[in-house]
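I have placed the structure first, in the form of structure tokens, so that the comments after it can refer back to it.
The values are calculated or read from the model by the stated rules, or taken from the named source; none is laboratory data. If you're wondering where the values come from, they're calculated on a predicted model, not measured in any experiment. Here the Cβ positions follow ideal geometry from the backbone for every residue, glycine too, while neighbour counts run over all protein chains shown.
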Amino acid sequence: MSAQQLVDCSGGGSCSGGHKNKGMDWVKDNSACSWDSYPETGKDGNCDSGCDQIISSGSVWGTYKITPYDEGSLCMGLFQRPIAVSVATGDNFHHYKGGILSDSYPSKTTHAIMAVGYGYWNGNAYWKVKNSWGESWGLGGYALLYRGGDSDQNLVLSKPFGVYVYGPYNPSMQLTTLEGVRISAPTGPAPTRAAVFQV
């Protein structure tokens, strides 16, 4: 999906900051375009509807909230699909070239990225994240952030969100509403209001 389209069209924010869930809620009622047909420009722009639409309106049902500050919950969420996260950044993040980034950062999130996995490298645990700054940043557009030992490296555990979709790609695990009621995948027409869940 095009990150630039969300910046230009969703009203969820700008290159100066925004809200992940507002961007994902916009996709509920609008078609999302491919990255290649609506590339990153690094600046705010006008909404362009002449792009290659790869996710049609109504395919996204709503967002669900991964339990914050809980490493196991984010790991479980990543079993299903990539998860949108907010991170705190600094000079070493901006100039990251490789390895596991383990520097400390400020206590405020400043940038939205996507967590795509986790694992171990040379015996050290990491989160694998994808940035929107192009393939020249980091490891071809990706980075490894330190994970484990109750560490919340770059505040990656502070605000994780997933998106719930129609079709065969729904999370197979059971989800729970914020009130604690278990729910399962929708089968009828798309609902008319946003749904927020917690894993």
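Before moving on, here are some points about what is shown:
- Qualifying residue in region 23-36 (condition: within 15 Å of ALA112 (Cα to Cα) and under 14 Å from the mean Cα position of the chain (by Cα)): yes
- In region 46-64, the residue that is modelled with the lowest pLDDT out of those that are out of contact with any helix residue (DSSP H, G or I) (no Cβ under 9 Å at 6 or more places or on another chain) and loosely packed, with under 15 Cβ neighbours inside 10 Å is SER56.
- For region 33-45, the condition holds for at least one residue, the condition being that it is free of Cβ contacts under 8 Å to residues at least 60 places away in the same chain and surrounded by 19 or more Cβ atoms within 10 Å (Cβ to Cβ).
- Taken over region 88-119, residues that are under 16 Å from GLY148 (Cα atoms) and touching a Lys or Arg at 6+ places or on another chain (Cβ under 9 Å) amount to 5.
- The helices (runs of 4 or more DSSP H) located wholly in region 1-109 that include 3 or more residues which are outside the structural domain of LYS130 (by TED's automatic domain parsing) and out of contact with any His (no Cβ under 9 Å at 6 or more places or on another chain) occupy 3-9, 20-29.
- Pick from region 1-32, criterion buried (at least 16 other Cβ atoms within 10 Å of the Cβ) and of a type in the set (Asp, Glu), ranking: farthest from CYS51 (Cα to Cα): ASP25
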